[in-house]
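Presented below is the structure to which this report refers.
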Amino acid sequence: MTDLTVKAPETPPTPDGQGAAGASDASGGPGDSGAHGSGWPARLRHELRAIHALVHRDLLRLAGQRTHTALMLLHPMLYLLILGGGLAALIPRSSLGVGYQTYLFPGMLMMTVQTPAIMVGIRLITDRQSGYLRELLMAPVSRATLLLGHCSGGTMTAAAQGAVLLGLAGVVGLPYDPLLLVLLLAGMILASFTITALALALAVTLRRAETFHTLLGMIMMPLLFLSGGFFPLHTLPGWAHALAAANPLAYAVDLLRRCITRLVPDQQAVTGIEWAGRQPPLPVEAGLLLATGLLALFWAARRFNRPE
């Protein structure tokens, strides 16, 4: 009886004695003798390309939705120019150390980056409801990479919108000092990352966009008022000082305001966050913001790794 079985062509054995079946796993499988050579760099490049694609998608959305972007920028601009201009005549400079519009400027920068950063969480929920997230999860990359791509895209778009508002620095009496603008932009990037990570941590927990909107309405506006962006924190009741000290937005606003104070000597605004009557160092405030964002992102990644 004739044997009709077709045998696969044999491949030369690898130097360690295994055939191609043991060395063909490029992702670092049990038979991958190059897991510590070319396998991991290739996998890293693959993950980075996925992050780049998600960031590119968010930047394209930002460029394509010009009307929506302009409306989001209009809100803090109206606060800064109309509310700030009106109250500047009523609030004496001596009570704040600077004019009210100058005092309000860091808070409006934070309001500008807050909205697009939060929108990342909303998009994650709507992507889950529409089925787009399930298609993304079929990509041959880790879930943590996808979450990091969403966070990076949200951080970039939020900081880009905040950079537009920096153009009003001269209107509120600040110089267009390149170092000052770079420091303010760096502070906004750090704050955008923290807010985006917190929004994603909330989004991976909730399943409905309506619940997300309602909860954010209850949380974000009090956090903004407790940030010192609109009025000095020392004017708050004693019980609110502890809430302000636990508010990430308060450290972000204080970080931006103290950068202005360091580089513009005649803009000595009143102090913000205090610990036992003393202001924490600027590196400590920046470190707390970064640590908060990293912890939120780590927790969100653990939740996101659960099966859908």
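Of the helices (runs of 4 or more DSSP H) lying entirely inside the range 139-248, those containing at least 3 residues that are closer than 24 Å to LEU263 by Cα are 143-165, 178-203. Among the residues of the range 151-179, those that are closer than 19 Å to ILE82 by Cα and either in contact with a Ser or Thr (Cβ under 6 Å, 6 or more places away or on another chain) or open to solvent by less than 40 Å² (accessible area, probe 1.4 Å) (or both) comprise GLY162, LEU165, LEU166, LEU168, ALA169, GLY170, VAL172, GLY173, LEU174.
Residue-level check: of (1) surrounded by fewer than 17 Cβ atoms within 10 Å (Cβ to Cβ); (2) in a helix (DSSP H, G or I), LEU62 misses just (1). Might you let me know whether the range 130-142 holds any residue that is without any contact (Cβ under 8 Å) to a residue 12 or more places away in the chain and of a type in the set (Phe, Trp, Tyr)? Yes, the range 130-142 contains at least one residue that is without any contact (Cβ under 8 Å) to a residue 12 or more places away in the chain and of a type in the set (Phe, Trp, Tyr).
Checking each residue in the range 260-308 for being modelled with pLDDT of 85 or more and touching a Gly at 6+ places or on another chain (Cβ under 6 Å) picks out no residue at all.
Annotation for the range 297-308: no member residue is farther than 30 Å from VAL204 by Cα, open to solvent by less than 90 Å² (accessible area, probe 1.4 Å), part of a loop (DSSP other than H, G, I, E, B) and of a type outside the set (A, V, I, L, M).
What residue, of ALA197, ALA186, ALA209, is of a type outside the set (Phe, Trp, Tyr), in contact with a Cys (Cβ under 9 Å, 6 or more places away or on another chain) and surrounded by fewer than 18 Cβ atoms within 10 Å (Cβ to Cβ)? Can you show your working first?
On the way: ALA197 fails: surrounded by fewer than 18 Cβ atoms within 10 Å (Cβ to Cβ); ALA209 fails: in contact with a Cys (Cβ under 9 Å, 6 or more places away or on another chain).
Matching residue, one of ALA197, ALA186, ALA209: ALA186.
Out of LEU124, LEU71, one residue alone is without any contact (Cβ under 8 Å) to a residue 60 or more places away in the chain and within 22 Å of ILE189 (Cα to Cα). It is LEU71.
Of note, THR115 satisfies the criterion of being in contact (Cβ under 8 Å) with a residue 40 or more places away in the chain, within 18 Å of PHE193 (Cα to Cα), in a helix (DSSP H, G or I) and of a type in the set (Ser, Thr, Tyr). Return the residue satisfying two criteria in turn: it lies in the range 80-94 and is in contact (Cβ under 8 Å) with a residue 12 or more places away in the chain and surrounded by fewer than 17 Cβ atoms within 10 Å (Cβ to Cβ), and of such residues it is farthest from ILE189 (Cα to Cα). Ranking the candidates gives LEU87 first.
The values are calculated or read from the model by the stated rules, or taken from the named source; none is laboratory data. As the structure is a prediction and not an experimental result, all values here were calculated from the model. Don't worry about glycine lacking a Cβ; one is built from the backbone with ideal geometry, like all the others, and counts go over all protein chains shown. Side chains included, ligands, DNA and RNA excluded: accessible areas come from the protein's heavy atoms. Shrake-Rupley method; radii C 1.70, N 1.55, O 1.52, S 1.80 Å.
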